[in-house]
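Each remark here refers to the structure printed beneath this line.
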Amino acid sequence: HKERDSFPKDFLWGSASAAYQVEGAASEDGKGESVWDRFVQIPGKTFKGTTGEVAVDHYHRYKEDVQLMAEQGLKAYRFSVAWTRIIPDGDGEVNEKGLEFYDNLIDELIEHNIEPVLTLYHWDIPQALQDKYGGWEGRQVIQDFTRYAEILFKRYNGKVKYWVSLNEQNIFITLGYSMAAHPPGVTDTKRMLQANHIASLANAAVIKRFKELDIRGKIGPSFAYGPTYAIDSHPENQMAAQNNEEFNAHYWMDVYVNGRYPTVAWKHYERLGIAPEVEPGDEELLKAGKPDFMGLNYYQTNTVAANPLDGVGFGKMNTSGKKGTSEESGTPGLYKSTQNPYVERTDWDWDIDPTGLRIAMRRINSRYNLPILITENGLGAYDTLEEDGTIHDTYRIDFIKKHIEAIQDAITDGVDVMGYCTWSYTDLLSWLNGYQKRYGFVYVDREELDEKELKRYKKDSYHWYKKVIETNGEEL
Ligand code: BG6
């Protein structure tokens, strides 16, 4: 009797990235402008004003990057397609040159036995659609997003077997429409809820289309979920934790899986007069877009306490590179964030909590009963490139090892897990924190304001993960 079950034979040992964070070539080969290309131009929005103009130049170096993956034995690579490469203005002509880039990338991956996991949307909606009808606030986006997705479904049917619809809808909507930290830089909860409703419809619409077209493979959203703990067993703090789950997790995942909003959050928003407008046909569409799996992006857990009606509101996002933990934030009457005294923290003060991943998987399993694909998990840290070209990131190995053990525990518990994609493959642009917050197995030599030669170096974690893959998780 082994302590833990083994990983399934066909487990997808993977790693991930997103177009804006790696590609660069921001206006090459006919690519249109996205909201991120525009947003980063606003002074003070990102760390040292960094942009994805060049990023880590994956657009020109994808062969080298895939070569590194192949050498490591990577089984799956999750990447996103930039909508603005395929349809530069979002709803007009198709740009063949943009498609060619992804044809080449996908063929290169397949040639090296790496399963492509394609994300349709990782936050970079065309600026033209933002200008035309307010992006996610305009219902026309449902048709336009479906048209874009359909082009990719048909082109890569049979080649790409795993598809991610929206990446972290909860994050891009919350940061974009209530905290103004992401484009379009709005702080208005009513607008946030409305844009979110339309994004949910768009998510359901592409999944529905995927099924209608009978595309071979599986599709689901990637959701940013970290379980919430109460600071202690005081019933009011327990209530706050329950509130955070309802408002920040069920509010999205219930809609994906059951096509309906959770009662408590809906009632709350209705009482405030800010619930989204639901039109005839919306409910049917949401119900028709049930995903095949739940994509899980897991970084940390949240610890909360009760927050009175006149208590703290949203904290400010800080782009100085480090997020202060002393700063409290929350939603008055519902919950506020507090510090978990039992965990260590990263260089950016994110809680390190591998057990939280097992809890996340267990909760998703028992509430939604869908297979889980872990589409992101990793450690953002400062790394040091030694003179001999090595990077001794033992802290990252330790982090990933413990999270893999937590996954194995969840598998032993009976949770159905398809695979594990670390964030990220190479170092890349951290949206608000520049290039110093590194996540990769592969170090990319560049700084915020100095692109240098963008040379790639294997970190210690690269060699370690190679072993993990080779032994199917037996040797950690
Ligand atoms: C996820 C995103 O929210 O977290 C990634 O899907 C992102 O795109 C990652 O990079 C890490 O966040 P950050 O802020 O550390 O870059």
- Query: Setting aside same-chain residues fewer than 8 positions from residue 159, which lysines have a Cα under 23 Å from its Cα?
  - Reply: 9, 63, 75, 97, 208, 211, 218, 290
- Note on the structure: Ranked output for segments 253-261, 80-88, 43-51 by mean other Cβ atoms within 10 Å, highest leading, reads 80-88, 253-261, 43-51
- Message: Run the reach check for residue 2 against aspartates and glutamates, Cα to Cα strictly under 18 Å, same-chain hits fewer than 8 apart removed. What comes back?
- Response: 405, 409, 413, 474, 475
- Query: Going by average Cβ neighbours within 10 Å, how do the peptides 134-147, 18-31 rank, with the highest at the top?
  - Reply: 18-31, 134-147
- Task: Using a cut-off of 10 Å between beta-carbons, work out the net charge of the residues near residue 130 (Lys and Arg +1, Asp and Glu -1, residue 130 not included).
- Result: -1
- Message: Students often get this wrong: which residues of segment 283-308 have the backbone nitrogen under 13 Å from the point 7 angstrom along Cα-to-C-beta of residue 211?
- Response: 284-293
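Could you give the C-alpha radius of gyration of the chain expressed as a fraction of 2.2 N^0.38 Å, taking N as the number of residues it contains?
Normalised Rg, Cα atoms only: 0.92.
For an R0 of 56 angstrom, estimate the FRET efficiency from the Cβ-Cβ distance between residue 2 and residue 27 and round to the nearest 0.05.
0.55
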- Cα→Cβ-extended label distance, 7 Å offset, between residue 236 and residue 100, nm: 6.5 nm
- Task: Please list the helices of the chain that count as membrane-span-like by this rule: a mean Kyte-Doolittle hydropathy of at least -0.5 together with Cα atoms stretching 27 Å or more along the helix axis, each helix being a complete DSSP H run.
- Result: 189-212, 394-413
- Message: Among DSSP bridges having both ends in the chain, what percentage is antiparallel? Round to the nearest 5.
- Response: 25 percent
- Which percent of the accessible area of the chain is formed by carbon and sulfur heavy atoms (probe 1.4 angstrom)? 47 percent
- Distance from a point 7 Å along Cα→Cβ of residue 290 to each backbone N in segment 258-274: keep the residues under 18 Å and list them by number. 258-262
- Query: Any idea of the accessible area per residue across segment 1-107, 1.4 Å probe, to the nearest Å²?
  - Reply: 39 Å²
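The values are calculated or read from the model by the stated rules, or taken from the named source; none is laboratory data. Since the structure is predicted, the reported quantities are computational estimates derived from the model, not experimental observations. Every residue, glycine as well, gets a Cβ built from its backbone with ideal geometry; the counts of neighbours run over all protein chains shown. Ligands, DNA and RNA are excluded from the accessible area calculation, which covers all protein heavy atoms including side chains. Shrake-Rupley method; radii C 1.70, N 1.55, O 1.52, S 1.80 Å.
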